[in-house]
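What follows is one structure encoded as structure tokens, with my remarks underneath.
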Amino acid sequence: MLEEVRITGLGVIDDAVLELSAGFTALTGETGAGKTMVVTALGLLFGGRADPARVRPGAARASVEGRLLVSAKVAREVEESGGDLDDNGSTLVLSRSVSAEGRSRAFAGGHSVPVSLLQVLADDLVAVHGQSDQQQLLKPGRQRDALDRFAGPELAAALSDYRRVFNRHRAVREELESLTRAERERAAEAETLRLGLAEVEAVAPVAGEDAALLAEEEKLANADALHAAATTAHEALLGDPASASVDGSDAVTLLGAAGRALEAVRAHDPVLAGLADRLTEASYLISDVAGELASYTESLDSDPARLAAVQERRSALGRLIRVCGTVSGDVAAVPDWAKQAGSRLAELEGDDDKIAALAAE
């Protein structure tokens, strides 16, 4: 039921409010009073053609707003379109405007909607009877609705069951068609996942392995340079005096000579005594470093075979990371990818059974 209409800037009407109540309402007036504009406003409100020529001269736009008491069916259609209703979900506010330039906008329940929605709602809200304006009974949908209502509650229950089954049938059919259309893409995705999981199983990566291999490769690739540097440093600190690079003496020997010189006179000056102690500590420290350098040199080995194995392993890990497409770009993320890929693969492989079940349903 239409409870109120507000018309602004339409034809001869500047601003008018029409309040309606239950029962019959007659709108009368002499020629030019605006009766036609009221009918035009109702047509505009319910999705009729927006004619900018109807905008009142001097006005920027014409607008019509209506407040209606609606059925549950109409309320559901409005809510599905994103609109809101007032007064416990039974009152709907519609509005339509057309600018002097011809731009039209429609609103239902406070939200912008396509004009086509107003036309759909109009079928359930209003019937305009004129010389040839509207013949609702010629519409098959109206005929079915009338027949269903005439059949009474017994048919209403059957109709409700039918609609429930039909809606389920439509949903199943759409899902089945979607799965069938995407069958080739699903097969390709499943094959990619199988290859990736096989690669993970073959490589069997360990967390942190890539960083350790990188460090080992760096060491093996530069083994000769590292050996030469460690040997030179060891000889400079504690080596053969004949091969030492500083005045024929290594660092420990020179520190020992300096310490002995100070030890001879340390009793005469506390400052020199303190310096003598520091030289002794330095000598111990240098001796320790020299010993570690000797051990390092002995442990360092140039192993081309091991270097090749490390490089091959790093290459395999790199391929695996690319196959898995991990965001972090390291081996640590591979197990998570494998877990997700396994779940997705199981889902894809189960689609064949799902297709059969949907087809049967």
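Rule-based calculations on the coordinates, nothing more; no lab input. Since we're looking at a predicted model, the values are computed, not measured. Please note: Cβ atoms are built from the backbone with ideal geometry, for glycine as well, and neighbour counts cover all protein chains shown.
Assorted remarks:
- The distance between label points at Ala156 and Ala359 comes to 4.2 nm (points 7 Å beyond Cα on the Cα→Cβ vector).
- Net charge over other residues, Cβ less than 13 angstrom from the Cβ of Val74 (K, R count +1; D, E count -1): -3
- Each Cα pair under 8 Å and six or more residues apart adds its sequence gap; the mean of these over the residue count of the chain is a relative contact order of 13 percent.
- Placing +1 on the Cβ of every Lys and Arg and -1 on the Cβ of every Asp and Glu, with no other charges, gives region 136-181 a dipole of roughly 160 debye about its Cα centre.
- The residue among Phe107, Ser97, Ala72 whose Cα reaches farthest toward the positive pole of the charge dipole of region 2-134, with charges on the beta-carbon of Lys, Arg, Asp and Glu, is Ser97.
- Listed residues Pro153, Asn167, Pro140: farthest to the positive end of the dipole of region 136-181 (Cβ charges): Pro140
- Likely footprinting exposure, Asp86, Asp250, fewest C-beta neighbours within 10 Å first: Asp86, Asp250
- Extension gain for Val115 to Ala187 (0.36 nm times residue separation, less C-alpha to C-alpha distance): 21.6 nm.
- For the listed peptides 37-50, 188-201, a ranking on the average number of other beta carbons within 10 Å per residue, highest first, reads 37-50, 188-201.
- Taking every C-alpha pair closer than 8 Å and separated by at least 6 residues, the mean separation divided by the residue count of region 203-345 gives a relative contact order of 33 percent.
- Crossing angle, helix 334-349 versus the chain [Cα axis fit, 0-90 degrees, rounded to tens]: 40
- In region 273-306, GluC sites (Glu not before Pro) in a DSSP loop with at most 16 other beta-carbon atoms within 10 Å: none
- Placing +1 on the Cβ of every Lys and Arg and -1 on the Cβ of every Asp and Glu, with nothing else charged, gives region 12-126 a dipole about its Cα centre of roughly 400 debye.
- Mean shadow area of region 50-180 over all directions, Cα convex hull, nm²: 12.2
- Value of D in µm² per second that Stokes-Einstein yields for region 136-181, Kirkwood Rh from Cα pairs, at 37 °C (0.692 mPa s): 262
- Total charge dipole magnitude, the chain, about the Cα centre, Cβ charges on Lys, Arg, Asp, Glu only, Debye to nearest 20: 2740
- For the chain, the longest principal axis of the Cα atoms and the long axis of helix 209-221 meet at an angle of about 40 degrees.
- Distance-filtered residues of region 299-322 - backbone nitrogen under 17 Å, label point 7 angstrom along Glu201 Cα→Cβ: 320
- Dividing the radius of gyration of the alpha carbons in the chain by their Kirkwood radius gives 1.46 for Rg/Rh.
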